Amino acid sequence: QVQLVESGGGLVQPGGSLRLSCAASGSIFSITVMGWYRQAPGKQRELVATISSGGNTNCAESAKGRFTIARGNAENTVYLQMNSRKPEETAVYYCDAVFLKTYWGQGTQVTVSS
């Protein structure tokens, strides 16, 4: 079992920056991939970025060059640094972890607005 807790959401102005954190607990040494997804109102959940246990990263085209996913010094944390935010990126951001199945956090609201 894996439990995930996201933090760092909130209001950010267009063009601003925000960093999300995800802390995992439980069977963390068995996690193969962790990542971030987002879901805007009325839309499907979509990939933002992922990072494997080996450090390989994958990022959505819309986020490349602006978003960075990284692991913290502790193996159980993952960060998403988001720069140059756009209003259309307002959504609930979810952390996920893969270990035999996909586990999800409760989500954190990010609002990009002036």
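The values are calculated or read from the model by the stated rules, or taken from the named source; none is laboratory data. Remember, predicted model here, so these are calculated numbers, not experimental data. Glycine also receives a Cβ, built like all others from the backbone with ideal geometry; neighbour counts cover every protein chain displayed. For the accessible areas, the whole protein counts, side chains as well, though only heavy atoms, and no ligand, DNA or RNA atoms are used. Shrake-Rupley method; radii C 1.70, N 1.55, O 1.52, S 1.80 Å.
Considering only G26, G42, G15, the mean-square fluctuation computed in a Gaussian network model of the chain, springs between alpha carbons under 10 angstrom, is largest for G42. The local environment of V92, defined by Cβ-Cβ distances under 12 Å, has a net charge of 0 under the rule Lys, Arg +1 and Asp, Glu -1.
Mark the label point 7 Å from the Cα of N58 along Cα→Cβ and return the residues of the stretch 1-24 whose backbone N is within less than 15 Å of it. What the label zone holds, given the 15 Å backbone N cut-off, is no residue at all. Accessible area per residue was computed with a 1.4 Å probe on protein heavy atoms; T108 scores about 20 Å².
Once C-alpha pairs closer than 8 Å and six or more residues apart are averaged by separation and normalised to the residue number of the stretch 46-114, the relative contact order reads 20 percent. Within the full protein context, the accessible area of V33 is estimated at about 40 Å² for a probe radius of 1.4 Å. For the chain, C59 stand unpaired, since no other cysteine beta carbon lies under 4.7 Å from theirs.
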